[in-house]
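Asker: Have a look at the structure that comes next, please.
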Amino acid sequence: ASKGASKARPISQQQLDELSKIASELRSKELTSPERAEAVKRAFVHAWNGYEAAAFGHDEIKPVSNTSADSWQGFGATLIDSLDTMILMGLDDELRRAREFVAKLDFYQDVPASFFEFTIRYVGGLLGAHSLSGDELYLKKATEIADRLMHSFGSASPFPRSTVNLKTTKANYPGWNSGNAILSEIGSCQLEFAYLSHHTQNQSYNNAARNVYSVLHKMTKSTPGLYPVSVSPDASGFGSQHVTLGGLADSFYEYLIKLWILTNGEDDESLEMYTESANSIEEHLVRRVEDLSKRDEEFVFLGELDGKRHTNQMEHLQCFAGGMFALGSFHSRELKPQTNAEQLLVKKRNQHLDLGAQLAESCASLYWYSSSGLAPESIQYTEKSDLVQNGWWTAQTKYMLRPETVESLFVLYRATGEQKYRDWGWEIFLSIEEQCRTPFAYSGLRDATKRKSLDNWDDSMQSFFLAETLKYLYLLFAEDANGMPLLPIDEYVFTTEAHPLKILR
């Protein structure tokens with residue numbers, strides 16, 4: 001439901017012209033990295049000011065109509081998702097006002113909560129703020145929500161149920177999925193719950209979350225390391241044969257390597273699961289696509305499987321994978337391998353870095369070949385061996401301000417130090433400024449193959465734009481007083497919502 005503090009006024013042509021002027025001025029300048037970081041920070045402040053004026057305490061601002069929306073039960077998703085970005089950027093006044101809101105939040109409400117979304121946005125957002133500030137309020141509030149969400153776990157299933165009522169604690173799996181659990185929903189709480197257990201000294205969060213991996217690991221898969229998206233609640237089997245790194249699965253795979261990193265290399269089972277998955281992804285899901293209408297060198301995309309049948313489509317969501325492979329490679333550098341999984345990670349170090357770089361470059365190219373400079377939500381393609389005209393084309397046209405490509409560029413820059421990743425990220429940021437900036441905040445596009453217009457704005461700015469997209473862009477350029485990168489990736493792990501958690505040592 002939308003209930004806005006301010007009445008929407010139509011956006012005038014004059015306002016549109018002013019916005020275009022801001023973007024073209026930015027494009028005309030040769031900026032240093034610290035200056036680029038400042039420009040990203042100004043973008044964040046523009047969006048935050050709009051949110052604070054029209055939607056403070058609501059989940060989102062609608063950036064064209066300048067009203068509010070509550071997609072996640074109205075606990076202030078944008079605000080909580082933005083806390084650690086504000087801490088990073090040194091936005092003390094904005095943070096103070098946001099913290100006052102957090103202090104008064106009461107999660108004991110008669111509403112159904114998505115276990116997945118509440119974990120990654122609310123619990124993760126509060127833990128990221130705690131990790132960067134040490135402020136105990138954020139840990140206390142994260143614990144309050146996590147204690148409600150823990151009712152998703154019950155005796156009948158090792159997996160958390162999909163929704164849980166925060167007051168009555170009644171929990172269930174989604175009806176639309178025949179009562180089965182969803183891979184990404186059960187496999188993307190492990191970082192948050194491990195951090196929570198470590199800092200509260202209450203192991204129950206970690207035990208429940210961690211057990212999910214052990215159970216999944218033991219289940220029989222038709223291809224080792226590739227987990228179908230639908231899982232029967234009693235762990236007797238899978239509810240489908242659909243395998244993807246896109247929606248319904250994505251963050252499960254990145255959490256395998258990230259949990260090993262967060263636990264400072266202690267969690268060998270999650271690394272074992274990751275190396276097995278990484279091998280199978282390389283073997284069964286990586287697709288090399290030729291499109292001579294665009295360029296001579298091939299593109300490297302990911303595909304999907306239905307049983308043994310290949311599906312040749314890639315969602316923007318899958319663009320996290322370049323960063324995932326690069327992160328695993330980076331963390332094998334100092335490793336003196338003691339287990340089989342560690343040996344495999346070290347052995348694949350260069351191969352994984354190369355694959356990560358190829359995937360990230362192909363994902364960045366989705367932006368380059370789009371007339372708005374922004375990538376579509378998904379593409380389809382033909383493979384090299386096909387007899388038809390080879391190539392790739394847009395499937396879903398919308399652009400949702402998503403972070404996955406800039407996330408991979410950030411990790412690859414940190415892993416290699418190559419300037420091109422910064423430059424590609426800057427190009428994407430300029431396109432966001434040109435196409436998505438509204439007088440109030442930033443809006444996604446209905447059609448990334450078209451340039452901006454009032455009709456092409458979708459009037460939506462999800463909380464991940466401030467939590468992830470702008471954070472990764474800022475971190476791509478920002479440096480501390482000594483010219484060192486902020487949040488080194490050998491000290492912090494980022495959750496799937498880009499909340500930085502300090503490695504547990």
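The values are calculated or read from the model by the stated rules, or taken from the named source; none is laboratory data. A quick note: this is a predicted structure, and the numbers were derived from the prediction, not measured. Positions of Cβ are backbone-derived with ideal geometry, glycine not excepted, and every protein chain shown enters the neighbour counts.
Asker: From the residues in segment 1-21 that are under 28 Å from the mean Cα position of the chain (by Cα) and either part of a loop (DSSP other than H, G, I, E, B) or at pLDDT 70 or above (or both), which one is surrounded by the fewest Cβ atoms within 10 Å (Cβ to Cβ)?
Answerer: Only one residue fits best here, namely Ala1.
Asker: Can you go through Leu83, Leu88 and tell me which one is at pLDDT 95 or above, crowded, with 23+ Cβ neighbours inside 10 Å, among the hydrophobic types (A, V, I, L, M, F, W, C) and under 21 Å from the mean Cα position of the chain (by Cα)?
Answerer: Leu83
Asker: Name every residue in segment 101-130 that is surrounded by 22 or more Cβ atoms within 10 Å (Cβ to Cβ) and of a type in the set (Ser, Thr, Tyr), in order of residue number.
Answerer: Thr119, Tyr122
Asker: Please enumerate the residues belonging to segment 241-274 that are closer than 18 Å to Leu302 by Cβ and among the polar types (S, T, N, Q).
Answerer: Gln241, Thr244, Ser251, listed by residue number.
Asker: Moving on to the next point. Mind listing whichever residues of segment 102-143 are more than 18 Å from Thr169 (Cα to Cα) and either hydroxyl-bearing (Ser, Thr, Tyr) or at pLDDT below 95 (or both)?
Answerer: Residues satisfying the conditions are Ser131, Ser133, Tyr138.
Asker: Return a yes/no flag: does segment 66-84 have any residue that is on the phi > 0 side of the Ramachandran plot and of a type in the set (S, T, N, Q).
Answerer: yes
Asker: Please work out which one of (1) among the hydrophobic types (A, V, I, L, M, F, W, C); (2) at pLDDT 95 or above; (3) touching a Leu at 6+ places or on another chain (Cβ under 8 Å) is the condition Leu454 fails and give its number.
Answerer: (2)
Let's see how each residue does on (1) over 29 Å from Met273 (Cα atoms); (2) surrounded by fewer than 19 Cβ atoms within 10 Å (Cβ to Cβ):
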site: Ala321; (1), (2): no, no
site: Ala326; (1), (2): no, no
site: Glu342; (1), (2): no, no
site: Asn350; (1), (2): no, yes
site: Asp354; (1), (2): no, yes
site: Ala357; (1), (2): no, no
site: Leu366; (1), (2): yes, no
site: Thr382; (1), (2): yes, yes
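Asker: Related question: Going through segment 446-471 one residue at a time, which ones are surrounded by fewer than 24 Cβ atoms within 10 Å (Cβ to Cβ) and not charged (D, E, K, R)?
Answerer: Thr449, Ser453, Leu454, Asn456, Trp457, Ser460, Gln462, Phe464
Asker: Next question, about the same structure. Among what's in segment 39-64 and is outside any strand (DSSP E or B) and basic (Lys, Arg), pick the residue that is nearest to Met86 (Cα to Cα).
Answerer: Residue satisfying both the conditions and the ranking: Lys41.
Asker: Can you name the helices (runs of 4 or more DSSP H) wholly within segment 265-353 that have at least 3 residues being among the polar types (S, T, N, Q)?
Answerer: 268-280
Asker: For segment 408-443, give me each residue that is farther than 24 Å from Ser28 by Cα, touching a strand residue (DSSP E or B) at 6+ places or on another chain (Cβ under 8 Å) and in a loop (DSSP other than H, G, I, E, B).
Answerer: Matches in segment 408-443: none.
Asker: Which residue, of Asp291, Asp268, Asp296, is among the charged types (D, E, K, R), touching a residue at least 12 places away in the same chain (Cβ under 8 Å) and out of contact with any Phe, Trp or Tyr (no Cβ under 6 Å at 6 or more places or on another chain)?
Answerer: Asp268
Asker: Every residue in segment 488-505 that is part of a loop (DSSP other than H, G, I, E, B) and aliphatic (A, V, I, L, M), please.
Answerer: Ile489, Ala498, Ile503, Leu504
Asker: Evaluate segment 46-69: report whether one residue or more is over 22 Å from Ala113 (Cβ atoms), in contact with a helix residue (DSSP H, G or I) (Cβ under 8 Å, 6 or more places away or on another chain) and of a type in the set (Phe, Trp, Tyr).
Answerer: Checked against the condition, which is being over 22 Å from Ala113 (Cβ atoms), in contact with a helix residue (DSSP H, G or I) (Cβ under 8 Å, 6 or more places away or on another chain) and of a type in the set (Phe, Trp, Tyr), segment 46-69 yields at least one hit.
Asker: For segment 79-162, which fully contained helices (runs of 4 or more DSSP H) count at least 2 residues that are hydroxyl-bearing (Ser, Thr, Tyr) and touching a residue at least 12 places away in the same chain (Cβ under 8 Å)?
Answerer: In segment 79-162, 124-133, 136-149 are the helices (runs of 4 or more DSSP H) which contain 2 or more residues that are hydroxyl-bearing (Ser, Thr, Tyr) and touching a residue at least 12 places away in the same chain (Cβ under 8 Å).
Asker: Inside segment 354-381, can you point out the residues that are assigned to a loop (DSSP other than H, G, I, E, B) and under 16 Å from Lys398 (Cβ atoms)?
Answerer: Ser370, Ser371, Ser372, Gly373, Leu374, Ala375, Pro376, Glu377
Asker: Inside segment 37-46, can you point out the residues that are surrounded by fewer than 23 Cβ atoms within 10 Å (Cβ to Cβ) and either over 30 Å from Met484 (Cβ atoms) or in contact (Cβ under 8 Å) with a residue 60 or more places away in the chain (or both)?
Answerer: Passing the criteria: Ala37, Ala39, Lys41, His46.
Asker: Moving on. Any residue at all in segment 467-480 that is hydroxyl-bearing (Ser, Thr, Tyr), in contact with a Leu (Cβ under 8 Å, 6 or more places away or on another chain) and under 23 Å from Glu334 (Cα atoms)?
Answerer: No - not one qualifying residue is present in segment 467-480.
Asker: Closer than 18 Å to Pro158 by Cβ, in contact (Cβ under 8 Å) with a residue 60 or more places away in the chain and surrounded by 20 or more Cβ atoms within 10 Å (Cβ to Cβ): is that true of Ser197 in this structure?
Answerer: no
Asker: Something else: Would you check if Phe465 is part of a helix (DSSP H, G or I), touching a strand residue (DSSP E or B) at 6+ places or on another chain (Cβ under 7 Å) and over 25 Å from Asp267 (Cβ atoms)?
Answerer: yes
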